[in-house]
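**Q** Before I ask anything, let me first share the structure, which is written out below as structure tokens.
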Amino acid sequence: MQPSPATAPAVVVVLTGGASRRMGSHKPLLDVGGRPLVARVLDAAGGHLAVVVGPGQGVPDGVRVVMEPVPGGGPVAGLAAAVAALTSDPDTPLPYAVTVLAADLPFVTSAHVERLLEALDEADLAVTVDRDGRRNWLCAAWRLTALRARLLELGDAYGASMRALADGIRTQSVDDPADLALDVDTPADLARARERADGAPTAD
């Protein structure tokens, strides 16, 4: 019987390696509500171990930073680098689950991360779904066993899509009516996020 996600160890992986072409600058360092985006996203790890994959600018001291063997390979390559780092030490217990978060989600919360992990009771992958029914593969949680198996099947993760990684996986949707997984891709998105951050506190 699988251990409960509520009590088993889990790791939160934050991906900072995007090209930020539409934004024109390194998104994780952008200020929202007086803090870099990456620091806000790391808050969502709560009590779980956090690992950053990609450039470490703006990452608080004490958070492990892992670089991809070949930078620029996309989110699947970043996730593969995190899994390799987490499983490389035979003396370190493996986490039960891995939550993957993009570094441009200024309003994601630890409560939402817990909802993703709890959804793994019924699935191997739990993915955030917005009010329009869109899946956010970069705000999701995986059972580590399923994730490692899919990465092995894919082989070369460089350039692979998260949609391809998730293909055929037993998946549970986690609704996001409060837009906690809203991402910041463009200067207009950033302006709206800053307005939201300066307004009423975001509810869990």
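The values are calculated or read from the model by the stated rules, or taken from the named source; none is laboratory data. The shown structure was predicted, so the numbers you read here are calculated from the model rather than taken from an experiment. Neighbour counts are summed over all protein chains in view; Cβ atoms, including those assigned to glycine, are modelled from backbone coordinates with ideal geometry. For the accessible areas, the whole protein counts, side chains as well, though only heavy atoms, and no ligand, DNA or RNA atoms are used. Shrake-Rupley method; radii C 1.70, N 1.55, O 1.52, S 1.80 Å.
**Q** Using beta carbons and a limit of 7 Å, which pairs, at least six apart or on different chains, have the first residue in the range 172-184 and closer than 13 Å to Ala103 by Cβ and open to solvent by 50 Å² or more (accessible area, probe 1.4 Å) and the second one part of a loop (DSSP other than H, G, I, E, B) and of a type outside the set (Lys, Arg)?
**A** Short answer, once both residue conditions are applied: Asp183/Asp104; Asp183/Leu105.
**Q** So Leu190 passes all but one of these: (1) under 29 Å from Pro9 (Cβ atoms); (2) assigned to a helix (DSSP H, G or I); (3) touching a helix residue (DSSP H, G or I) at 6+ places or on another chain (Cβ under 9 Å). Which condition number does it fail?
**A** Here Leu190 clears every test but (1).
**Q** Related question: Among the residues of the range 42-79, which ones are open to solvent by less than 10 Å² (accessible area, probe 1.4 Å), over 19 Å from Leu117 (Cα atoms), within 13 Å of the chain's Cα centre (by Cα) and not β-branched (Val, Ile, Thr)?
**A** Gly54, Gly78
**Q** Same structure again: Residues in the range 175-187: is at least one modelled with pLDDT of 95 or more, within 15 Å of the chain's Cα centre (by Cα) and not in a loop (DSSP other than H, G, I, E, B)?
**A** no
**Q** Hey, can you tell me all the residues within the range 84-140 that are closer than 25 Å to Val70 by Cβ and either in contact with a Lys or Arg (Cβ under 6 Å, 6 or more places away or on another chain) or of a type in the set (Gly, Ala, Ser) (or both)?
**A** Across the range 84-140, the qualifying residues are Ala84, Ala85, Ser88, Ala102, Ala103, Asp104, Ala140.
**Q** Now, a different point. Quick test for you: out of Leu120, Leu138, pick the one residue that is in contact (Cβ under 8 Å) with a residue 40 or more places away in the chain, within 20 Å of Gly78 (Cα to Cα) and surrounded by 16 or more Cβ atoms within 10 Å (Cβ to Cβ). Lay out the reasoning, then the answer.
**A** Numbers: Leu120 fails: within 20 Å of Gly78 (Cα to Cα).
Being in contact (Cβ under 8 Å) with a residue 40 or more places away in the chain, within 20 Å of Gly78 (Cα to Cα) and surrounded by 16 or more Cβ atoms within 10 Å (Cβ to Cβ) holds for just one of Leu120, Leu138, which is Leu138.
**Q** Looking only at the range 108-161, filter to residues that are charged (D, E, K, R) and assigned to a strand (DSSP E or B); which one of those is farthest from Leu86 (Cα to Cα)?
**A** So the first thing to find is which residues in the range 108-161 are charged (D, E, K, R), and the list is 114-115, 118, 121-122, 124, 130-132, 134-135, 143, 148, 150, 153, 156.
Retained after the next criterion (residues that are assigned to a strand (DSSP E or B)): 135, 143.
Working: Arg135: 26, Arg143: 14 Å.
Residue satisfying both the conditions and the ranking: Arg135.
**Q** Between a first residue in the range 80-94 that is surrounded by fewer than 20 Cβ atoms within 10 Å (Cβ to Cβ) and a second residue that is polar (S, T, N, Q), which pairs have beta carbons less than 8 Å apart while being 6 or more apart in sequence or on different chains?
**A** Sorted first by the residue in the range 80-94, then by its partner, the pairs are Leu94/Thr87.
**Q** Consider Ala111 against the criteria (1) open to solvent by less than 40 Å² (accessible area, probe 1.4 Å); (2) farther than 18 Å from Gly47 by Cα; (3) of a type in the set (Gly, Ala, Ser); (4) modelled with pLDDT of 95 or more: it satisfies all of them except one. Which criterion is unmet?
**A** Ala111 satisfies every listed condition except (2).
**Q** Please go through the range 193-204 and give me each residue that is assigned to a loop (DSSP other than H, G, I, E, B) and either surrounded by fewer than 13 Cβ atoms within 10 Å (Cβ to Cβ) or modelled with pLDDT of 95 or more (or both), ordered by number.
**A** First pass over the range 193-204, keeping only residues assigned to a loop (DSSP other than H, G, I, E, B): 199-204.
Result: Gly199, Ala200, Pro201, Ala203, Asp204.
**Q** Also, quick follow-up: Could you please let me know if Arg40 is among the basic types (Lys, Arg) and without any contact (Cβ under 8 Å) to a residue 24 or more places away in the chain? Break it down stepwise before answering.
**A** Working: among the basic types (Lys, Arg): yes; without any contact (Cβ under 8 Å) to a residue 24 or more places away in the chain: no.
Answer is no for this residue.
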